[in-house]
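These notes concern the structure reproduced below.
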Amino acid sequence: MADGTDTASKIVSLRELAALVPDGASVALGGSFLHRGPFAFVRELIRQRRIGLEIVKQSPGYDLDVLCRAGAVAKAYTGIVAMEGNFGLAPWYRRAVERKEIELEENACYSLTSRLRAAAYGVPFQPVAGLHGSDIPALNGWKEIPDPYGSGRSVWVVPALSPDFAVLHAPEVSEHGDVRILGTPHWDRIMSRAAKRVLVVAERIAPMESFREHPEKTLVPHFMVEAVAVQPQGAWPGSCHPDYAIDYPAVEHYMSEAESTLQAHLERAPELRGSSRD
Amino acid sequence: MADGTDTASKIVSLRELAALVPDGASVALGGSFLHRGPFAFVRELIRQRRIGLEIVKQSPGYDLDVLCRAGAVAKAYTGIVAMEGNFGLAPWYRRAVERKEIELEENACYSLTSRLRAAAYGVPFQPVAGLHGSDIPALNGWKEIPDPYGSGRSVWVVPALSPDFAVLHAPEVSEHGDVRILGTPHWDRIMSRAAKRVLVVAERIAPMESFREHPEKTLVPHFMVEAVAVQPQGAWPGSCHPDYAIDYPAVEHYMSEAESTLQAHLERAPELRGSSRD
Amino acid sequence: MTEPLKTQPLKTEPWSPFSYIVTNLARFVEPGDVAFSGVNSSMAMLACLLAKRAYDFPFTYINVAGGVDPEPRYAPLSSSDPELARESASIFANEDFYDLCARGRMDLCFLGAAQIDAQGRTNVSVIGDWHEPKVRLPGGGGAAVMLPTARRSCTWRTEHSTRTLVDRLDFITGGGGMYGVVTPIAVLVKRDGRLRLDSWHPDVTVDEVVDRTGFELDTSGAAPTRPPTEAERAALASLDPDGTFERDAKIRG
Amino acid sequence: MTEPLKTQPLKTEPWSPFSYIVTNLARFVEPGDVAFSGVNSSMAMLACLLAKRAYDFPFTYINVAGGVDPEPRYAPLSSSDPELARESASIFANEDFYDLCARGRMDLCFLGAAQIDAQGRTNVSVIGDWHEPKVRLPGGGGAAVMLPTARRSCTWRTEHSTRTLVDRLDFITGGGGMYGVVTPIAVLVKRDGRLRLDSWHPDVTVDEVVDRTGFELDTSGAAPTRPPTEAERAALASLDPDGTFERDAKIRG
């Protein structure tokens, strides 16, 4: 396994962190829509010209969209994709699907979660409630299994999905790599359990003492985390609770169709200020 | 559903709380071995002469043993049963099984958890990793299902189990019934999600403000909780972190074979001191 | 108690399509409900917050920000904003509220939809053929699982037309079917497996509603929609004090 | 580095059966391991704590109290005591460590056993027929799932006899099979699917070990067990300063 038991040298630069993910890797991204996504990490993947990625996320938005805009994506496993707020659909993702530039596995958020659960629980498939009457199961070739205990019910089952990486953005980590999320963890918990390797970008390192005082708040224990980069404002232009809210003007700028926008947007990013990227 | 949305009148006496559980009910008990079990609640069931109970717990000890000693149990769904420390086996449970006074469904802790997961996830069955080569699945008539996605693996699946009640012991609740556990929740989380109704015994009511400051530490939100009794020392003779440790002399006294011990033990219990029982 | 349903109110101020949708969504909340609003769902978020402020019965509001009966200082632009967990005594995260719904304990789910058919089934996936999309929509999200498992699901469309209320969905994202639908001009409620007209906006006619609906609409027993109470009006005004949500929604009746 | 394995040590003090078991269990811990001890497992708890104190390589110790690399002030009597989470930076609860094991990411599991067969399979359920029990034992616990899914599982018996190391289990609680077994007189390690003698207590003979084992025991390549290092002795002494654990264990060699 990716050895997270050695706590000595887990803190790396954002550049080093992104360099761990090769072309073609499958990557689960934490957060939801414009909230607490590993967006600095995603931009760094673009700067490093990564291609062929498979993105796994129940509710992506900006992250999947900017990766599609940069041509970095081969396939997406998603539940619901949108920019949210008043920004509507994720336009570059939308076009990438419509032009068949990327492959899409459309899920319910919960069926994708169930695929991750199967991986986290070490079983080949996971039953999912609901889905009856939806065209989605047939689309994906999923199987329906009758209850072997004679209830007369049948249930859809989905196959295990273990992404190569889960990449999470957190407000706080310990020096050993323990990950603390404040407010909702969105889907980060199950992603961290299902993925083969866990990478984290954090706003800051919080004192060990605070982790020992509130161990119940730690979402991912250090031994499951391979490497951490510290990047203040790393979820920009999204929010990172409790530190900052969505930067709506920056999102609006991103939404501009102009050819030069992507480059300009990438150059505005907080990870280019200061030295934390390196 | 058991309506926990009305937060007005959730605090009841221990006697009233226990009176909610009828003869023959299936009851999942929180905690593990001598730690943070709803032991005052269990004793109150005995005082109220409840019979025919089905006890669901991955790692019971004192609670299942004292219920067997009082003749309150019809069936037990368990993983591992012992007194722990140096007390060894749970003697009255052991005898009840050996004399066939109670029915036993022997589980692995994880297969019982998986039965609860199926109930919590609204599916008729749950796949469980491992179990291969064990005599337990055949004992229980469980089914093995081949992976319909062609991995060639097959997996044991267990049927959903939704106890009538989950009864948890917590150090702290809010006045609305939010439940905070400090340290490990043991199996309390999945029990609270799988059961039809959730009852709680707490050491104390903590200020609303502290719940709002640390909402991440709340294991069960108020709307899932039907009723709460406040009973200091309610996990005696076991521990309740962070308030008190195991009372080993009291456990040793309990272990005495003398006919009069059960009554003497029940009379020593903290819930009989002060007025909180009523 | 407010005025009886059938009494024709005094004409006061016009009822904007925005207010009509939010208010009538809020009216689906019943005492004791566990009610949920998700991502990308400003209208549903506002409806839940309105119900909390305008109705004096207890219910539990949970949302995709993990909040349980939160006390947000304001209604955020993003319906998954952390503000929606402010003052919450617990964090009820995504796995938890989906499991709650999956096991049949969610009373009321608010879910978005692009197309809705007569059975209340929804399409949020695609306009055109799934494999040859004209418009790729947000996708499965909550619908496919929550629609068949929630006790009641409700949705809204800001456009009432034969493009949105359709005879045949381009794709069935969510089976099971909505219990209630609110548009700028009507409230539809399911009875015997089909959406029927429950009430209509006082400014339109039943015929107009029928004409603008893509499936056959039973109107028997329907009545004009009860106008907003003072409490509902005041609650919505407090949630959208400068009319930003109303302007951004750009709804035409 | 301590002394080379094959060097016969100077006879120092006798090696008590208690110390022999705990020390040799600790020696199963390898650098980088995620190692787990469960309920009802004082020996395993002490072994993990000993390894933390005596060995200078990193590994992660998790336990049934939710602790991750805890710093208990003392070794508690109950191996699921909250003391085992003291100073832990996270709480890794039961569902979490079982899932970890189930998905193949637990490197080393310490699990109790009543009977062990040549394949390392265990019975912790019953003496006699399951349906007509002579002795009802604690039951399935971790074994049935963890034995087949952990990378390595190890156990201990405080009695080395044909009643504990058996040719035929009364009931197979855990398939998959132990990687290592420590008794008061020997260390068995699995090779090619069978437990073989890896080393024996310097105070007994190989013949005695073979005689007291209920299944056929391959002894080829075995050697006397390396005596405890100073670090191991000191670590155990610090964990059981007044000999309470040793006395309570009541182990005869």
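Every number in this text was worked out from the coordinates using simple rules, so none of it is lab data. Given the structure is predicted, the values throughout are model-derived calculations rather than measurements. Every residue, glycine as well, gets a Cβ built from its backbone with ideal geometry; the counts of neighbours run over all protein chains shown.
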query = Which order do A:Ile51, A:Ile80 fall in if you start with the one that has the fewest other Cβ atoms within 10 Å?
reply = A:Ile51, A:Ile80
query = If you build a Gaussian network model of chain B, linking Cα atoms that sit under 10 Å apart, which residue out of B:Val201, B:Val157, B:Val27 swings the most?
reply = B:Val157
message = Given the rotation that superposes chain C on chain D, what residue of C brings its beta carbon nearest the axis, and what is the distance in Å?
response = C:Glu95, 6
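Quick one: work out the % antiparallel among DSSP beta bridges in region A:7-160, nearest 5.
Values: 9 of 21 bridges.
Restricted to region A:7-160, the bridges split so that about 45 percent are antiparallel.
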remark   = Extend 7 Å from the Cα of C:Ala223 along its Cα-to-C-beta direction; within region C:185-215, residues with backbone N under 18 Å of that point are C:186-191, C:196-206
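So if we plug the beta-carbon distance of C:Arg194 and C:Asp56 into 1/(1 + (r/R0)^6) with R0 = 30 Å, what FRET efficiency do we get, rounded to 0.05?
On the way: r = 33 Å, r/R0 = 1.11.
Here the calculated transfer efficiency is 0.35.
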Residues A:Met255, C:Met106, sorted so that the one with the fewest Cβ neighbours within 10 Å comes first = A:Met255, C:Met106
Other-copy label distances relative to B:Arg204, 7 angstrom Cα-Cβ extension, nm = 3.0
ask   = For the pair B:Ser260 and C:Glu13, how long in nm is the line joining their label points, each one 7 Å along Cα→Cβ?
value = 8.0
Copy-to-copy label separations for C:Thr244, where each label sits 7 Å from Cα toward Cβ, in nm and ascending = 6.1
query = Between D:Ala186 and residues 5 or more places away or on another chain, which pairs have amide H atoms under 5 Å apart, with H built 1.01 Å from N, and which residues are they?
reply = D:His201
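Just for chain D, what percent of DSSP beta bridges are antiparallel, to the closest 5?
Values: 17 of 33 bridges.
Once the DSSP bridges in chain D are tallied, antiparallel ones form about 50 percent.
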key: region B:152-278: relative contact order as a whole-number percent, Cα under 8 Å and 6+ apart   = 24
ask   = Given a Förster distance of 51 angstrom, what is the FRET efficiency for A:Glu252 paired with B:Ser9, based on the Cβ-Cβ distance and rounded to 0.05?
value = 0.55
request  = Just the number, please: percent antiparallel of the DSSP beta bridges in the protein assembly as shown, rounded to the nearest 5.
outcome  = 40
request  = Work out the mean other chain Cβ neighbour count within 10 Å for the residues of A:222-231 and drop it here as an integer.
outcome  = 3
message = For a quick check, take a GNM of chain C with Cα springs below 10 Å and name the residue from C:Ala113, C:Ala75, C:Ala231 with the largest mean-square fluctuation.
response = C:Ala231
ask   = For the cross-link pairs A:Lys57/A:Lys196; B:Lys100/D:Lys134; B:Lys100/B:Lys143; B:Lys57/B:Lys196, which exceed 18 Å when the distance is taken from alpha carbon to alpha carbon?
value = B:Lys100/B:Lys143
request  = For B:Ala76, enumerate residues with amide H under 5 Å from its amide H, sequence gap 5+ or separate chain, H modeled in the peptide plane.
outcome  = B:Ile55, B:Glu103, B:Leu104, B:Glu105
request  = Take every residue in peptide C:73-85, count the Cβ atoms of other chains within 10 Å of its Cβ, and give the average of those counts.
outcome  = 6
note = Listed by chain and number, the residues whose amide H is under 5 Å from that of A:Arg197, excluding neighbours fewer than 5 places away on the same chain and using placed H, are A:Phe165, A:Ala166
task = In nm, give the distance between the simple-model label positions of C:Arg163 and D:Arg151, each being 7 Å from the Cα along the Cα-to-Cβ direction.
result = 5.8
task = For chain C, set up a Gaussian network in which alpha carbons nearer than 10 Å are linked by springs, and say which option among C:His131, C:His201, C:His160 fluctuates the most.
result = C:His131
task = Mark the label point 7 Å from the Cα of D:Val135 along Cα→Cβ and return the residues of region B:86-108 whose backbone N is within less than 11 Å of it.
result = B:89
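Relative contact order of region B:4-60: what whole-number percent is it, with Cα pairs under 8 angstrom and at least 6 residues apart?
Numbers: 49 pairs, mean separation 24.8, N = 57.
This gives 43 percent for region B:4-60.
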ask   = Over what distance in Å are the Cα centres of region B:103-121 and region B:1-58 separated?
value = 19
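Using only DSSP helix segments of four residues or longer, with each worth -39500 (n - 2.57), what per-residue ellipticity at 222 nm results for chain B after dividing by its residue count and rounding to 500? Please list the in-between numbers first.
On the way: 10 runs with 74 residues, N = 278.
Mean residue ellipticity at 222 nm (helix-derived): -7000 deg cm²/dmol.
Got the relative contact order for region C:116-253 handy, in percent, Cα pairs under 8 Å and 6 or more residues apart? Walk me through the intermediate numbers first.
On the way: 244 pairs, mean separation 33.7, N = 138.
Relative contact order for region C:116-253 comes out at 24 percent.
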task = Note the distances from C:Pro202 to each other copy's matching label point, with points 7 Å along the Cα-to-beta-carbon direction, in nm, sorted shortest first.
result = 9.9
ask   = If you rank D:Phe171, C:Phe215 by fewest surrounding Cβ atoms within 10 Å, what's the result?
value = C:Phe215, D:Phe171
key: Net +/- balance of residues flanking A:His265 in space, Cβ distance below 10 Å, scoring K and R +1, D and E -1   = +2
key: Net +/- balance of residues flanking A:Ile136 in space, Cβ distance below 11 Å, scoring K and R +1, D and E -1   = -3
task = For region C:144-190 and region A:122-183, write down the distance between their C-alpha centroids in whole Å.
result = 26
note = The alpha-carbon center of region C:195-221 and that of region B:186-220 are separated, in whole Å, by 47
ask   = For the modelled label position 7 Å from the Cα of B:Arg204 along Cα-to-Cβ, which residues of region B:28-43 have backbone nitrogen atoms closer than 18 Å?
value = B:36
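Excluding B:Ala19 itself, calculate the net charge of residues whose Cβ lies under 10 Å from the Cβ of B:Ala19, where each Lys or Arg counts +1 and each Asp or Glu counts -1.
Values: positive: B:Arg15, B:Arg50; negative: B:Glu16, B:Glu44.
Result for the local shell: 0.
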key: Cβ neighbours within 10 Å from other chains - mean over D:54-67   = 4
